1. What is the fewest-to-most order of Phe108, Phe192 by other Cβ atoms lying within 10 Å of their Cβ?
2. Just want the ordering: Leu177, Leu222, from fewest to most Cβ atoms lying within 10 Å of their own Cβ.
3. How much net charge surrounds Ile139 when only other residues with a Cβ under 15 Å from its Cβ are counted (Lys, Arg +1; Asp, Glu -1)?
4. Return the subset of Lys110/Lys208; Lys35/Lys110; Lys35/Lys171; Lys10/Lys208 for which the Cα-Cα distance in this structure is over 32 Å, preserving the input order.
5. Using +1 at the Cβ of each Lys and Arg and -1 at the Cβ of each Asp and Glu in the chain, identify which of Phe39, Thr247, Leu175 lies farthest towards the dipole's positive end.
6. What ranking do Trp13, Trp260 get, fewest neighbouring Cβ atoms within 10 angstrom at the top?
7. Would you mind counting up the charge near Ala243? Only other residues with Cβ under 14 Å from its Cβ, with Lys and Arg at +1 and Asp and Glu at -1.
8. Residues with beta-carbon under 12 Å from that of His184, excluding His184: net charge, scoring Lys, Arg +1 and Asp, Glu -1?
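No lab work stands behind these numbers, since they all come straight from the coordinates. All values derive from a computational prediction rather than experimental measurement. All Cβ positions, even for glycine, are placed from backbone atoms using ideal geometry, and neighbour counts span all protein chains on display.
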Amino acid sequence: MKPWHSLEGKTIWITGGAGYLGSVITRELDTQCAKVVCFDLAGRSEAFVREHGLTRTVPVALDVNDAAALPAALDAAVAEHGLPDGVAHLAFASSSGYRLENLPAAEFQKTFDGALTPSFVLCRALAEKMKARGTGGSIVLFSSMYGVVAPDPRIYHEPMTPNPIDYGASKAALLQLARYLAVHYGPAGVRFNCVTPGPFPNPAVQSKHPEFIADLARKTALNRVGRNTEIVGPTLFLLSDSASFVTGHSLVVDGGWTSW
C-alpha cells in the first residue's frame, strides 16, 4: 500500500534543500520521488547529496535570493530537469539581526528584497509554466510563527536580540502571497499553501542557549521545541495528491505556540 502522502513518480524541487529543515525533507523526498532537484548555495547542495548518498536527488547550485537572476536560472533548470510537479520553497535570506530601535530602513528593505521578492518571482514563474502545462501542481512556501504572532521579548535575554521585525513582517507577507496566488492560479489546478513552523531551533542554538530553549519550550502547549523531522509529514502532505483540495492554507506546525 502506498503511504497516504505518496509522491511516487513525481518530480519535486526543493529550495534551501540542504538546510536544517530542508535537509530532512530532501532525504525523505529521495526515498519516494522519481526525481528530486535540491537547490542551495554553491557547494552546499552537492556536498549534502554526496554525504547522504541520495540516488534520486540532483544538486543544483542556485542563490534563489537573487531576484534579478532567478528567471533565467529557473528556465535553465526546467530545460535540464523538467518542470516539477511540486515545489517546497524553504530558501530565505537572513534577516537583519537589528533591534527595532536601531534598524535602518535600508536593512528592513534588504530582507524583503532578498526574501519576499524572489519568492514572488519564483512562484509566479513556475505557476505560469504549470498553468501552460495543463496538469496543475503544488507549491509550498514556508512562513513562521512570527508571521502569525509577535515574538515575546521577555524570553530574549541579554546579549540575545529579539527576533527582528523584518523577519516576522516578511514571513507574514509570505502567507498573503500564498493566499493571493492560490486564488489566482486555482482554476489552473496550481495549489499554493504554507507550512508555518513554530520553534525549531537548530543544534547550534540549542547548545549555546539552553535557558532560551527552555523558555521556548514553555511557550508551547507540548512543552518542548520541535524536532526537524516533524516538519517532513506536513510538507509531504501539502505536496501530495492527498491535499488535492487544499489551497490557500497555512498548516501551522508549532506545538501549540499560537493556540494560547
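1. Details: Phe108 19, Phe192 26.
The fewest-first ordering by Cβ neighbours comes to Phe108, Phe192.
2. Details: Leu177 19, Leu222 12.
So the ranking, lowest neighbour count to highest, is Leu222, Leu177.
3. On the way: positive: Lys10, Arg124, Lys129, Lys131, Arg133, Arg179, Arg191; negative: Asp85, Glu128, Asp241.
Around Ile139, the charge tally is +4.
4. Working: Lys110/Lys208 28 Å; Lys35/Lys110 34 Å; Lys35/Lys171 29 Å; Lys10/Lys208 40 Å.
Pairs exceeding the cut-off: Lys35/Lys110; Lys10/Lys208.
5. Towards the positive end, the residue furthest out is Thr247.
6. Ascending Cβ contact count within 10 Å gives the list Trp260, Trp13.
7. Numbers: positive: Lys10, Arg191; negative: Asp85, Asp241.
Result for the neighbourhood of Ala243: 0.
8. Details: positive: Arg124, Lys131, Arg179, Arg191; negative: Glu128.
The answer is +3.
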